[in-house]
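A.B. asks: Got a structure here, written out as structure tokens. Questions coming.
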Amino acid sequence: MKLFKMLVALFKSVYFNFKVFPIKTAIKLPIIVSHNIKLYNLHARTVLIESQPTFGMIKFGWSQGSTGISGRSEACKWSVDKNSKVIFKGRANLANGISVRCDNGGTIVFGENFICNSNCFFASNRRIEFGKDVLIGWNTNIRDVDGHKVYNVNERGGNILNPPKEIIIGSNVWIAAYVDILKGVTIGDGCVVAYRACVTRRFDKKNCIIGGFPAEVIKANICWER
């Protein structure tokens, strides 16, 4: 069974790379996907690597995440429409059960040395950007769009009250497990977002612990290590 899964993963990885990249990049197989990834929307030139591509530099679904995580990881899901983009600045490791979705011209930028634990969801209709050395815990949701449009009564089809707004996550940021980061959020470099926080606004100050529902700065002038 293990050999079969590896063969399926190899086939899907070859298909993925040759579908999204030019041949010179695709033959290096820079993205390795798991055997159980579900590809709902896959288009040419919707994935960019802004560094020297090497074999397996981006792993999607290969890791099971941290030992002892409660709940079973689902299959990874990928849906990026032809007008959207996913950009990798360098190496990245996204664990099993992660969903990446970009619609309506949305863009997600994963910074160099991006690491994400299992069962996370990223959804963009505008732009989500991560700096360098970002670490994300399990069961975290980051989305720059609400998912449904809201209008004033009797103005359906008019001005949208809840348009998507970009999310900017700085470098060396640790986002703990069960965190929700919603549209319009900025998180400064060196920050920690605490377990089960719901972040709904900008935090431009660096080196803070951000936590709560809704999130607030709960301690300043901190540093952290992996």
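A.B. asks: Within segment 21-38, which residues are under 24 Å from E129 (Cβ atoms) and under 18 Å from the mean Cα position of the chain (by Cα)?
C.D. replies: P30, I31, I32, V33, I37
A.B. asks: Right, next: Within segment 132-156, take every residue that is β-branched (V, I, T) and more than 12 Å from the chain's Cα centre (by Cα) and give me the one that is farthest from F114 (Cα to Cα). Even if it seems obvious, please write down each step before you answer.
C.D. replies: So in segment 132-156, the residues β-branched (V, I, T) come out as 134, 136, 140, 142, 145, 150, 153.
When the remaining residues are screened for being more than 12 Å from the chain's Cα centre (by Cα), the result is 145, 150, 153.
Working: V145: 22, V150: 33, V153: 43 Å.
Filtering first and then ranking leaves V153.
A.B. asks: Would you mind telling me which numbered condition in (1) within 23 Å of E112 (Cα to Cα); (2) part of a strand (DSSP E or B) L29 fails?
C.D. replies: The number of the failed condition is (2).
A.B. asks: Let me ask another. In segment 182-199, which residues are assigned to a loop (DSSP other than H, G, I, E, B) and closer than 23 Å to G147 by Cα?
C.D. replies: So in segment 182-199, the residues assigned to a loop (DSSP other than H, G, I, E, B) come out as 182-185, 188-191, 194-197.
Correct list: L182, K183, G184, V185, R196, A197.
A.B. asks: Which residue, of I168, I175, is out of contact with any helix residue (DSSP H, G or I) (no Cβ under 8 Å at 6 or more places or on another chain), surrounded by 19 or more Cβ atoms within 10 Å (Cβ to Cβ) and among the β-branched types (V, I, T)?
C.D. replies: On the way: I168 fails: surrounded by 19 or more Cβ atoms within 10 Å (Cβ to Cβ).
Result of the check over I168, I175: I175.
A.B. asks: Out of (1) on the phi < 0 side of the Ramachandran plot; (2) buried (at least 18 other Cβ atoms within 10 Å of the Cβ), what's the single condition that is false for S79?
C.D. replies: The one condition S79 does not meet is (2).
Values in this text are rule-based calculations from the coordinates and carry no lab data. Note that the coordinates shown come from a computational prediction; the quantities given were computed from them, not determined experimentally. Counting neighbours? That spans all protein chains shown, and the Cβs are built from the backbone with ideal geometry, glycine included.
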